Every structure is written in structure tokens, then in C-alpha cells.
Amino acid sequence: MRSTRFVIFAPRPDYPKQARERHLGGTIFVMLHVDKKSGLVTSVELVQSTGHKILDDAALATFRSWKFKPGVVTADAIPALFTFSPTNVIFAPKPEYPQYARDHHWTGAGWFVMHIDTRTGVVTSVEITQSTGHKILDDASVSALKRWRFKPGIVPPKVKAAITFPRTVEDKKSAN
């Protein structure tokens, strides 16, 4: 995975043990309010809950620790999404951050619904429910989500996923 030059520190939220044991999952959507001079997150606004307090609390605590490059952030608020996924996922490749989008510093957050053959765990189609704002990022997301695989027989016929561009610094390091 690749990263833009804006993110300095953006760890992924921990998946709490109690939530994993109970197979809790969900997607959280927040707005990060960032001090433009320091790059520090000053507050995190919950826009959409995972539906589970334990997951929301873990994600909110992590988002508060994020840091962006000082003087580079120009937005008053930055959207961030994270999905906690129970263990029914067998294969979940992340979308590539297309070079053209990186060169233009395009970012975005989108929502997608994967339609799954529950007998095989294969994704049969992907529906864009909220665009990232850029066709190239939507296409990269759909391409990756179509390759996801789930454990047959236990996955629901539809799974909602959130994709955010840019990627984190950690993702950039793993791509090298």
C-alpha cells in the first residue's frame, strides 16, 4: 500500500479481545479536527457508530493519537473510516492507491456493499453506496473488494465496507 505525504502517525485501532470473542464488527466514520499548525488531532467527532460501544471507544482513542504533517493540512476536518471485521474474512486485500491519484493528492472516503454468494464466500458484485469523490479511487476500491473471500456458510449475503484514501504511514512502510 502507498501513502500520501500528509500523514505522520496513524495507527490502526486495536480490535478489543472481548469484541473479537463475541464476533462484534462494524464500521466507524469520524471527522478528525486537526490543528493546522501542529498537525495534531484536537477533537474527533463521531459521525456513524459501529453499533458497539467497545469498538467505538477503541477507535476514538486511536484516532485522537493521529498526527499529520504540520502546515500541510488545509481542511478544517478530515474524514476517517475504520472497519472492525469478525473472523469470517479469509482474504481481504486493500485497494492500491493509484499513482495518478497520489500525484494529485486526491483523498476520499467511500462506502461499498459487497454482495456475497453465501455458499462459496465469493464476492459476486460490489455496489458503491457513497463515492470516494474520485472515480479512480472508487474503481480501485471495487477492484480490491471483488477479490475478498469469506468463510462459506457463515457470511451474510451483503457486507458493508468503508474505504479511505490516503493510506497510513504504516501501510506505506509495508509496501516497501
ask   = If LEU60 satisfies every condition in (1) closer than 28 Å to GLY71 by Cα; (2) under 17 Å from the mean Cα position of the chain (by Cα); (3) modelled with pLDDT under 90 but one, which is the exception?
value = (3)
query = (1) out of contact with any Gly (no Cβ under 9 Å at 6 or more places or on another chain); (2) open to solvent by 50 Å² or more (accessible area, probe 1.4 Å); (3) touching a residue at least 12 places away in the same chain (Cβ under 8 Å): which one isn't true of GLY71, the others all being true?
reply = (1)
Filter result for ARG119 (of a type in the set (D, E, K, R), farther than 21 Å from THR27 by Cβ, surrounded by fewer than 16 Cβ atoms within 10 Å (Cβ to Cβ) and touching a residue at least 12 places away in the same chain (Cβ under 8 Å)) = yes
query = Counting just the residues of the stretch 130-141 that are out of contact with any helix residue (DSSP H, G or I) (no Cβ under 7 Å at 6 or more places or on another chain) and of a type in the set (Gly, Ala, Ser), which one comes out least open to solvent (accessible area, probe 1.4 Å)?
reply = SER141
ask   = Restricting the search to the stretch 53-68, which residues are open to solvent by 20 Å² or more (accessible area, probe 1.4 Å) and not in a helix (DSSP H, G or I)?
value = ARG64, SER65, TRP66, LYS67
remark   = Restricted to the stretch 142-176 and to residues being part of a helix (DSSP H, G or I) and modelled with pLDDT of 70 or more, the residue most open to solvent (accessible area, probe 1.4 Å) is SER143
task = Select from the stretch 1-29 the residues that are in a strand (DSSP E or B), within 22 Å of ALA140 (Cα to Cα) and of a type in the set (A, V, I, L, M, F, W, C) and list them in ascending order.
result = VAL7, ILE28, PHE29
key: Residue check for THR50: open to solvent by 50 Å² or more (accessible area, probe 1.4 Å) and either in a loop (DSSP other than H, G, I, E, B) or closer than 24 Å to LYS158 by Cα (or both)   = no
task = Go through the residues of the stretch 74-93 one by one and say whether even a single one is open to solvent by less than 40 Å² (accessible area, probe 1.4 Å), at pLDDT below 95 and assigned to a helix (DSSP H, G or I).
result = no
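The values are calculated or read from the model by the stated rules, or taken from the named source; none is laboratory data. The model shown is predicted, which means the values in this text are computed figures rather than measured ones. Virtual Cβ from ideal backbone geometry, glycine too; neighbours counted across all protein chains shown. Remember, those area values only see protein heavy atoms, side chains included, never the ligands or the DNA or RNA. Shrake-Rupley method; radii C 1.70, N 1.55, O 1.52, S 1.80 Å.
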